[in-house]
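The next block holds one structure in the form of structure tokens; read it before the comments.
Each reported figure results from applying straightforward, stated rules to the coordinates on display, with no laboratory input. Everything numeric here is computed off the predicted structure, so don't read it as measured data. Here Cβ is always computed from backbone atoms with ideal geometry, including for glycine, and neighbour counts include all displayed protein chains.
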Amino acid sequence: MTKQDAQQRIEKLKKVISHHRYLYHVLDRQEISPEALDSLKHELYQLEQQYPEFITIDSPTQRVAGKPLGGFKKVEHAIPMLSIEDIFSEKELRDWENYLEKLFPNQTFEYFCEPKIDGFAISLIYKNGVFITGSTRGDGKIGEEVTQNLRTIESIPLRLRNPKYEIRNTKQILNNKFKILNSFEFRASNFEFPPAELEVRGEVYMEKKDFEDFNKKLGGKYANPRNLAAGSIRQLNPKIAASRPLKFLAYDLITNLGQKKHSEEHQILKELGFKTDLGKVCNNISGIVYYWQEIAKKRNALLYQIDGTVVSVNDNALFERLGVIGKSPRGIRAFKFSPEQATTKVLDIKVQVGRTGTLTPVAVLEPVGVGGVTVSRATLHNEDEIKRLGIKIGDTVIVGRAGDVIPDIIKVLPELRTGKEMVFVMPRVCPVCGSKVVRKPGEARHMCTNTGCFAIQRENFYHFVSRPAFDIKGLGPKIIDRLIDEGLVSSPADLFKLEEGDIMPLERFAEKSAGNLVESIQNSKNKVTLSRFIFALGIHHVGEETALDLAQYFRDINKLKIASKEGLKQIPDIGNVVAKNIYSWFRLKKNQKLVDDLVEVGVRIAEVELPRTRGSSTSAIYGKTFVVTGSLESMSRQEAHDKIRMLGGHPISAVSKKTDYLVVGTEPGSKLEKAKKLGIKIMGEGEFLELLY
Ligand code: IVH
């Protein structure tokens, strides 16, 4: 991006952000989610860091929070209330540590991690142990005095607790004894009590449950607990604040009472009567990542809303020496949870040609973190979807993840257009083979009319070598692409003719790996079963299950080749459409040739599968749906699937309500958790083998 582009982008972002802020804060309306708005702010912040000369006083990044309201007294913060720079990934966390290490090469860094509470920042001043003044952050330098409102919050002590003399718990009251203080508490109580002046900072918040109940009473006026908490504190009438279930969590002790670490501040704060929560010292980046993941797991169960964690350099002296850049200390980061939505740019719209000849437009995106993964592509499905979104190449878009998995473009932000965006039109000819493209009446998809399309062939290759088909180890899409590009193969039958010498000249192919590849291709010739062979042909609508049905019915590829539509329909589960597809597939000369060529190059169909109904309804597997997760000792997952099929069961890949059993090997993935949640029967390998044999 040129400097001029950056300037224009900054101006546009500022306009759009302030528009949405106005909608949200003044008109109580929301056109884009708070996460999407944050994402735009983050982009603006980063651009401004890169080009500080374009920072203007009215930029949303320069407003830490709202300006003091006319009705409140203004309070100057002796030490400014700063902000924290956001990071979203382990990589950004490591970059931060590298940056710290560059500044202080001989230091080892210890960190303190704590939840990032989604509330309203507050400063509390105690004089001689008594709560005197409470203020909002305001613009970071000057806040509003809201003492009366804060006094109504019970979790804010009106008088500090004396760590030396307090009775520890009821049992001790009963025994009328003082608990012996542990070594740290001695340290905490080393300071003069009460301190002449003490400043504590933290977050006023409302618990999620209280927010729901209370917001209902207010007619759903507030979008989230943070806004309701903020709205309650900034009321001129303290009775309003008093009537709302507000709480306070402390995270910072500003006054130096002799503490050397931020972790000690948390302990002292507790001793003085403040609530702090879930803080932990971590010695390295892996520890921080683990903490962040654990907190993410707890997130929903927590009573209050958080949007990530805060990580600080634990050594206070070092933290000071690291200093401040802009409005944020260098020694602290908000390690946030990846937002469920983010904004990014559409770099291009490409068209993929699938194995069935369908053309699918795909948006190529500037990579962005969404819901825990980096997203760089999102399907646009078809022409209608492109029209519905009104998307152009170069647009800024909001990306989410449909059903929490597949990246999805939710909305285009046309306000951010520069005029250079380009309209996308579906190609009239196939981008790969140049044949005519048609959109069938009544259908949304465009199809390449050339069944011999290069792309279709390519996809057919991937399918042919895949695990449930010929299962050729070491022959992935990248190598196939190279083989095709070099003109070494144009039909899967050509694979079996490949020699080491053909492959070795290809870039980055060593002699040994070329030899291994040829061996692995040759091996696959003798172990393919009829059902795998049929599946490998890539006939539209013929999945693994249908291939097995066909294999067991015909027992011979030559019989299948000449089967009539009526004949095919005799097979249970094969209806009109599938029968027609299979029949038409075998009528095409090039397909007949493929089958003949495969036999000619020496493919031996290994065995005829046992009938599916072996053990029939008496087998516990018959008719049941299985998911296998993790690795099994005695067989590969593919073998397990084959065995389940042989006994009339249905192996599938994703756990859902329809799954009957989850077979668990070592190192199972998230499927185990999901199955537990859905109450699906879970069995180990031993139990599974008992069912099989
Ligand atoms: S420490 C330099 N700790 O997040 C600022 N802040 O985005 C030091 N916040 O102004 C603040 N939870 O309102 C800190 N555990 C936590 C926090 C926290 C929430 C808020 C706070 C701060 C804002 C910065």
Two pseudo-spin positions, 7 Å from Cα along C-beta at Glu673 and at Lys473, lie apart in nanometres by 3.2
Please arrange Met635, Met426 by counting, for each residue, the other beta carbons lying within 10 Å of its beta carbon, fewest first.
Met426, Met635
Counted charge near Leu198, where neighbours are those whose Cβ lies closer than 13 Å (Asp, Glu -1; Lys, Arg +1)
-2
For the chain, what's the relative contact order in percent, using C-alpha pairs closer than 8 Å and at least 6 residues apart?
9
What angle, in degrees between 0 and 90 and rounded to the nearest 10, separates the Cα long axis of helix 589-600 from the longest principal axis of the Cα atoms of the chain?
80
Assign unit charges at the C-beta atoms only (+1 for Lys and Arg, -1 for Asp and Glu), then state the dipole size of the chain relative to its Cα centre in Debye, rounded to the nearest 20.
1820
Per the rule of 0.36 nm per residue minus the C-alpha distance, extending Ile325 to Glu76 adds in nm 87.6 nm
Computed E for Arg555/Gln592 - FRET, C-beta separation, R0 22 angstrom, nearest 0.05:
0.70
Among Val577, Tyr553, Ala563, which residue has its Cα positioned farthest towards the positive end of the charge dipole of the stretch 553-612, with +1 placed on the Cβ of Lys and Arg, -1 on the Cβ of Asp and Glu, and the dipole taken about the Cα centre?
Val577
Highest mean first, what order results for 8-18, 641-651 on Cβ atoms within 10 Å?
641-651, 8-18
Efficiency by 1/(1 + (r/R0)^6): what FRET value for Ala196 and Lys260, r their Cβ-Cβ distance, R0 = 25 Å, to the nearest 0.05?
0.75
Please work through the chain and write down the cysteines that have no neighbouring cysteine Cβ at a distance under 4.7 Å.
Cys113, Cys282
Partner lysines whose C-alpha sits under 17 Å from that of Lys275, ignoring same-chain residues fewer than 8 away, are Lys116, Lys247
Given 0.36 nm per residue, what is the gain on full extension from Lys209 to Tyr99 after removing their alpha carbon distance, in nm?
35.5 nm
Just in the stretch 425-462: which trypsin sites (Lys or Arg not before Pro) are loop by DSSP and have at most 14 other Cβ atoms within 10 Å?
Arg428
Crossing angle, helix 208-217 versus the chain [Cα axis fit, 0-90 degrees, rounded to tens]:
80
How many angstrom lie between the Cα centre of the stretch 561-580 and the Cα centre of the stretch 273-348?
60
Please determine, in degrees from 0 to 90 and to the nearest 10, the orientation of helix 262-271 with respect to the longest principal axis defined by the Cα atoms of the chain, where the helix direction is its Cα long axis.
60
As a quick test, which of the pairs Lys624/Lys657; Lys41/Lys280; Lys217/Lys298; Lys350/Lys473 have an alpha carbon distance above 20 angstrom in this structure?
Lys41/Lys280; Lys217/Lys298; Lys350/Lys473
Cβ charges +1 (Lys, Arg) and -1 (Asp, Glu), total dipole of the stretch 201-342, debye
380
The FRET efficiency for Ser491 and Ala317, from their Cβ-Cβ distance with R0 = 60 Å and rounded to 0.05, is 0.25
Which listed residue (Val146, Phe337, Tyr111) has the Cα farthest towards the positive end of the charge dipole for the chain, taking +1 on Lys and Arg C-beta and -1 on Asp and Glu C-beta about the Cα centre?
Val146
Do you know the relative contact order of the stretch 288-432, to the nearest whole percent, from alpha carbon pairs under 8 angstrom that are 6+ apart?
17
Fewest-first sequence of Ile410, Ile79 by Cβ atoms within 10 Å of each Cβ:
Ile79, Ile410
Over the stretch 616-693, what is the mean sequence separation of C-alpha contacts under 8 Å (at least six apart), divided by residue count, expressed as relative contact order in percent?
35
Modelled label-to-label distance, Met422 and Ala606, 7 Å Cα→beta-carbon offset: nm?
4.9
Name the residue from Gln235, Tyr462, Ile349 whose Cα lies farthest towards the positive end of the charge dipole of the chain, charges +1 on Cβ of Lys and Arg and -1 on Cβ of Asp and Glu.
Gln235
